1. Taking 0.36 nm per intervening residue step and subtracting the Cα-Cα distance, what contour gain separates Ser64 from Gln125 on full extension?
2. First check a/c for the stretch 54-122, with a ≥ b ≥ c the square roots of the eigenvalues of its C-alpha gyration tensor; if it is under 1.5, answer rounded, and if not, answer prolate when a/b is larger than b/c or oblate otherwise.
3. Between beta-carbons, use under 15 Å as the cut-off and find the net charge around Ala47, counting Lys and Arg +1, Asp and Glu -1.
4. What does the net charge come to around Arg281 if you take all other residues with beta carbon closer than 12 Å to its beta carbon, with K and R at +1 and D and E at -1?
5. So, R0 is 30 Å and r is the distance between the beta-carbons of Glu43 and Lys108; what FRET efficiency does that work out to, to 0.05?
6. Would you mind getting me the FRET efficiency between Glu274 and Ser75? Use the beta-carbon distance for r and R0 = 22 Å, nearest 0.05.
7. Note down the nm distance, to one decimal, between modelled labels 7 Å out along Cα→Cβ at Thr176 and at Lys288.
8. Out of residues 5 or more away from Val267 or on other chains, whose amide H comes under 5 Å of its own, with H placed 1.01 Å from N in the peptide plane?
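Each value in this text was obtained by applying a stated rule to the coordinates, not by laboratory testing. Only a predicted model underlies this, so the values are computations on that prediction, with no experimental measurement involved. Here the Cβ positions follow ideal geometry from the backbone for every residue, glycine too, while neighbour counts run over all protein chains shown.
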Amino acid sequence: KDMVTNMKQLVYVFGDMLCTVGAAAKVFTFSLDRKPDQKEAGELAPAKLQGKLAFYHVSFYYPSRQNTPALKAVSLELHPGKMTALVGPSGGGKSSCVRLLARLYEPKEGQVLLDGQPLHCYQHQYLHQKMALVSQEPVLFSGSIRHNIEYGLVGCTLEKVKEAAKSANIHDFICTLEQGYDTDVGECGGQLSSGQKQCIAIARALVREPQVLILDEATSSMDINTQHAVQGVLAGSVGLTVLVVAHRLQTVEKADHIIFMEGGEVVEQGTHQELMASKGRYHRLKEKLFED
Ligand code: ATP
């Protein structure tokens, strides 16, 4: 994976909160050193947001690969209260979609719309608050579990932290620890499994009460029970728009809608049952997995 992009994703999500933490200062500077690829932000910050996202004929090229499109005329919709999964083979374009949603890049053609308005029309801070991204390798900082979840959120109570941890299915585990929410996670979360780290990152996202939650394969290293629990809770969160980018296929069966991408294009979409019945690309990839 492109390190710079990962770092920028992290900075996008946690924004200026990062600069208060010594361990992260380097990350922040690193990002500022880069020329931002995104256009200026607009003024929109509506009090009420539905959270409907749409790609409308989006084509995109990376600056370093101007002759090959990473996305070709992609159109798709993500609905409030639904969990959508992006799946497909490596290089299919899933991460590129996430990077456009995070405004790390701008489409060359077409538009990415939030409630019908292009993303660049919204205020930066507004998008930070409304759209949370849990990256593939979430970073935890030394400090307590509580600190890692509230993470600079002003006025965040322990009750809210617990509520978010329950939704992310990590509360029960935290309660088994002698020091509970005050347990130090160790340097870079060294005391936790990667699945537990991802759950804490999900709780960190949820405590901010976003309208849109993007999980970049965030559940891949959880055991199957945890995966189902988290997905169930997320899908049940009232009105939350959830996008799961699944680089593996096991995590997506419960999604309300599955979008299969290959070669930068959406090649098929539907529910797990529909895609299995139509015996197309999804079905074939699933069978191949089974054989492996
Ligand atoms: P994976 O499951 O392996 O993460 P993906 O479906 O997320 O794959 P993308 O990372 O979106 O796929 O890649 C889409 C295309 O863009 C691929 O051809 C890839 O080689 C290219 N690409 C991805 N990142 C970059 C980058 N930083 N610079 C140039 N090209 C890139």
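1. Between Ser64 and Gln125, full extension yields 19.1 nm more.
2. The shape class here is oblate.
3. -1
4. With Lys, Arg at +1 and Asp, Glu at -1, the neighbours total 0.
5. About 0.80, to the nearest 0.05.
6. That gives a FRET efficiency of 0.75.
7. Reported label-point gap for Thr176 and Lys288 is 3.7 nm.
8. Excluding prolines and chain starts, which carry no amide H, the hits are Phe260, Met261, Glu262.
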